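Every read-out reported here was derived from the displayed coordinates using simple, explicitly stated rules and does not represent laboratory data. Bear in mind that the values here come from a model prediction, so they are computed numbers and not experimental data. Backbone-built Cβ (ideal geometry, glycine too); neighbour counts: all protein chains shown.
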Amino acid sequence: MRQPAAYSLQSRLLASVAILLASFLGLTGLVLDRAFRTSVEAGVSEQLRVQIYVMLAAVDEADGDFYFSESLQEPRFSQIGSGLYGFLSSPDDGVLLKTQSALDVELPLEILNFALERGETRFDRVQLSADTRYFLSTYSVTWENREEPVLFTVLESQDLYLLEVNNFRRSLWSWLGGLAVLLLVLQLTVLRWGLSPLRTMSRELAAIESGDSDSLQARYPRELEQVTSNLNLLIQTERKQQQRYRTTLGDLAHSLKTPLAVMQGEIDNIGGLKQTDSRNASSHQTLQEQLDRMNQLVSYQLQRAVKSEASPSLSRHVPVATLVAGLCRALEKVYREKPVVISQHIDPQLMFQGDERDLMEVMGNVLDNACKYGNGQVRVSSVTVAEMLKALPQENTPDFFTGKAANQALLLIEDNGGGVDDSLQQQVLERGVRLDTLKQGQGIGLAVVNDIVQSYGGHVAIMQSTLFSGAAVVILLESLRQLR
């Protein structure tokens, strides 16, 4: 299962603003649209009331018959199909009078004879067919010599109203959409400007990781000053601790150098005497071997101490293949009497982002063990998690493979020795544990390897080699990168 990709803070903030803008502008658009429709309908209602008053002023009665005593001021009342229609009706007699525009229009009586109190007005919408919709206004009037009220009704087509509303909606949403785009662009500009200190910090941290810088030096806002100060303090503390560690080892090596020289001189004097006792000769040889071993350790630590003075402790990209090749050449010389053949299959583009001395310590210890406990054949290679999963049985897959990317690089060191029993594979990574007490060493090599690898967030596993009969050491370091 792959780890989720890192998200962008700027993208997250921009997406949040976009959602808020869409919600706010959308709600604003709906409110404005509703207010506009309400306003237009109120205007239509008022216009229809005026038209009713125009009809009322022009209508007269003679002998129970209603007629227009004068021409109506609204021309559309005189045009058939104009979309504006007038009716006079009563609950008992039905339609009493129509305008000329309504001569070909028939309305159901239930629409015309709506029960209203005298002097009351009704405004409504009616739909006579699927494509004909009207606004309707009715006014109830008390007419002399008539017991029932006379209803004045005016209908006007909604076509103009709908056209006006649609035009307003198009303009409204066009303006709101343009405003949203403008606000998003402005917000993106503000976000990029506001987050620029974080991008500067990211670039400076990358420069520190690559070894091009040793601290955060840019000027940061007050909100980040505490963070940058703590990071610089952490970097300085780490550098001082590593320097103190290297200095202590160097001082110890220097302190041991003189006593070792004295011991070497005494052993040389003893060796110059005639060795008649075979047991004395064997003891002399053993002492010489152990003294040589101590000299090698002291020289190694002195060399590390000298290198630590000349090189920074901050991480940089270390070519793994080059470093391993140098270690292999040295080990083949050390074990030339055995002899040992080390085959190397490491991608030249594989880089270790960290302290070169840490990688040298890890690979030196593991390769030294492979040469020491193998039977003359050692293989060191770089593989991926996917390749290891394909080569290993499922029950032998290390737990730390779970959740790692398929292209995550691993280092694999194999030998053709006796291997390590399954029940002891985890135990040998503990400090002071040695499965073979006949070989030289203090039993801390693999424990140191495990400590260093874990300090980089990595893992070490020991298993059976699929190529040889011996052990295989798998090293997973998150800081291994393929440069393509």
Inset, instruction - Please give the contour-minus-distance gain from GLU337 to LEU162: 0.36 nm per residue of separation, less the Cα-Cα distance, rounded to one decimal in nm. - result: 52.9 nm
Legend entry - Label point distance in nm, TRP175-LEU116, each placed 7 Å from Cα along Cα→Cβ: 3.6 nm
Inset, instruction - Find out how many positive minus negative residues lie around GLY376, taking Lys and Arg as positive, Asp and Glu as negative, among other residues whose Cβ is under 10 Å from that of GLY376. - result: 0
Legend entry - Extended-chain gain in nm, criterion 0.36 nm per residue less alpha-carbon gap, SER11 and LEU109: 29.0 nm
Legend entry - Estimated FRET transfer efficiency (GLU238, ARG199; beta-carbon r; R0 25 Å; 0.05): 0.55
Inset, instruction - Restrict the search to the stretch 322-421; then list the trypsin sites (Lys or Arg not before Pro) that DSSP places in a loop and that have at most 12 other Cβ atoms within 10 Å of their Cβ. - result: ARG336
Legend entry - Estimated distance in nm for a label pair at GLU478 and THR132, the labels positioned 7 Å out from Cα along Cα-to-Cβ: 7.7 nm
